[in-house]
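Heads up: the structure comes next, in structure tokens.
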Amino acid sequence: MRAIPSCEDLARAVSDGSYVEGPWHARARLRLHMVSCWICRRYAAQIRWIDRAAKSALVPVEREDRGFQRRLIGRLKP
Amino acid sequence: MDDTLRIRELKERRPGAVEALVEEFASPLLAAARSWGMSLPDAEETVQDALVDFLAALDRFEGRSTLKTFLFGVLFNKCSERRRKAARELATEDVEGAFDARFGLFGIWNCIPKGPEDEAVNGELKDWLSRCAEALTTDQRAAFQMKVVEGKETEEICKILGVTPTNLGVLLFRARNRLRECLEKKWMRR
């Protein structure tokens, strides 16, 4: 990343998670950029929306299926 | 049950060991395969193959991860293999290309990203997102699913996918941007 992060650096960091989990000094530089750039704030809001929506739209459903379990055991036992 | 004990019981083919394994893991494995983009029949077959491979590979289990993580790693490899064979994996270059094209000189935006921001997650938008997620590759989908939807720790995800934390970041970057690009197209047509 450049010493003064660009919009591209910020968008990349928001998408790969380093905006939240990266080293503090990098995050501080990115946050300064975010404060001053409304397009980056909009992009970050869209990524946050995707994450939030995915938590309800893509939640895995565990269903106990005894028939499937029986078939599995039949295949796995010698 | 303790992993070491369970492994010993499975290796020795103790009565009930396979049944206990299936009872504990069949449902979560099936749910994971489905959430990584497989149809129900494909997911069932993949879980079967994964468990067969897992039992055959028991001697190679060194205890560097938990049995559950190891098992999900085997499942992930099986899912990737199956989707590759079915030629359903799409190239990732288009994500990078579309992302790069958004920026001009000095990395400044040259077009404003559009799409949902503050909207409530309603049925229509949920449906869009689910359809867009179908276009992700298995590794992108699995990384996004485990990190964002299930909130798993980076270390565990890396063990399951067999990648470094940096590679995981790349997968998340591609997954989120592929989803964003797809949602933007739907948003503009609305």
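The values are calculated or read from the model by the stated rules, or taken from the named source; none is laboratory data. Worth saying up front: this structure is predicted, and the values here are computed from it rather than measured. For neighbour counting, all protein chains shown are included, and Cβ atoms are generated from backbone atoms with ideal geometry for every residue, glycine included.
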- Query: Applying the selection to segment A:33-78, what residues are outside any loop (DSSP other than H, G, I, E, B), more than 7 Å from chain B (Cβ to nearest Cβ) and more than 24 Å from B:Q48 (Cβ to Cβ)?
  - Reply: A:H33, A:M34, A:V35, A:S36, A:W38, A:C40, A:R41, A:A44, A:R48
- Is there a residue in segment B:172-183 that is within 11 Å of the chain's Cα centre (by Cα) and crowded, with 18+ Cβ neighbours inside 10 Å? yes
- Task: Please state which one of B:K152, B:K147 is more than 10 Å from chain A (Cβ to nearest Cβ), modelled with pLDDT of 90 or more and surrounded by 15 or more Cβ atoms within 10 Å (Cβ to Cβ).
- Result: B:K152
- Inside segment A:56-77, can you point out the residues that are surrounded by 14 or more Cβ atoms within 10 Å (Cβ to Cβ) and of a type outside the set (D, E)? A:A57, A:L58, A:P60, A:F68, A:Q69, A:R71, A:L72, A:I73, A:L76
- Query: With respect to B:A120, is the statement that it is surrounded by fewer than 23 Cβ atoms within 10 Å (Cβ to Cβ), closer than 19 Å to A:W49 by Cα and either more than 8 Å from every other protein chain (Cβ to nearest Cβ) or in contact (Cβ under 8 Å) with a residue 40 or more places away in the chain (or both) true?
  - Reply: yes
- By residue number, the members of segment B:133-144 that are surrounded by fewer than 19 Cβ atoms within 10 Å (Cβ to Cβ) and either within 8 Å of the chain's Cα centre (by Cα) or within 13 Å of A:A57 (Cα to Cα) (or both) are B:E134
